[in-house]
1. Can you find a residue that is modelled with pLDDT under 95 and either polar (S, T, N, Q) or touching a His at 6+ places or on another chain (Cβ under 7 Å) (or both) anywhere in the range 39-46?
2. Looking only at the range 36-51, how many residues end up being free of Cβ contacts under 8 Å to residues at least 24 places away in the same chain and either closer than 27 Å to Gln4 by Cα or in a loop (DSSP other than H, G, I, E, B) (or both)?
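The values are calculated or read from the model by the stated rules, or taken from the named source; none is laboratory data. Note that the coordinates shown come from a computational prediction; the quantities given were computed from them, not determined experimentally. Counting neighbours? That spans all protein chains shown, and the Cβs are built from the backbone with ideal geometry, glycine included.
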Amino acid sequence: MENQFTKYEMARIIGARALQIAMDAPILIKITEEKLKEMRFDALKIAEYEFAGGILPITIHRPAPRKSKDRLGQIKEDSVSDEELIAKAQEVEKEIVEDAKEIGLINEGEEDEDTMEITESKEE
């Protein structure tokens, strides 16, 4: 057996193959009648025998981890400063307040507490 399978992969492969055999799939390895009688025609034992013979056309795909050091370094380089984030938040807030005034949710000169807090922090 070329590949090293985990016990979970082996269980999955043998179980899937046993199900196929139980549903009258052809046996892929030559087994004598005596050997079949010894196995009591058990699909699971036949699947184990095929697996041990290394003839099952089943492969395991193990995807590589998605995170890498290069990607993490790139994220750090692309990070935005606090000042830029605050400036962007203030711009968005102004747009929201203007839109709210246009549709009549806020009257001229009237501001809510959140707006006042950001306006005060802007002055500092």
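1. The answer is no, given that none of the residues of the range 39-46 is modelled with pLDDT under 95 and either polar (S, T, N, Q) or touching a His at 6+ places or on another chain (Cβ under 7 Å) (or both).
2. 6
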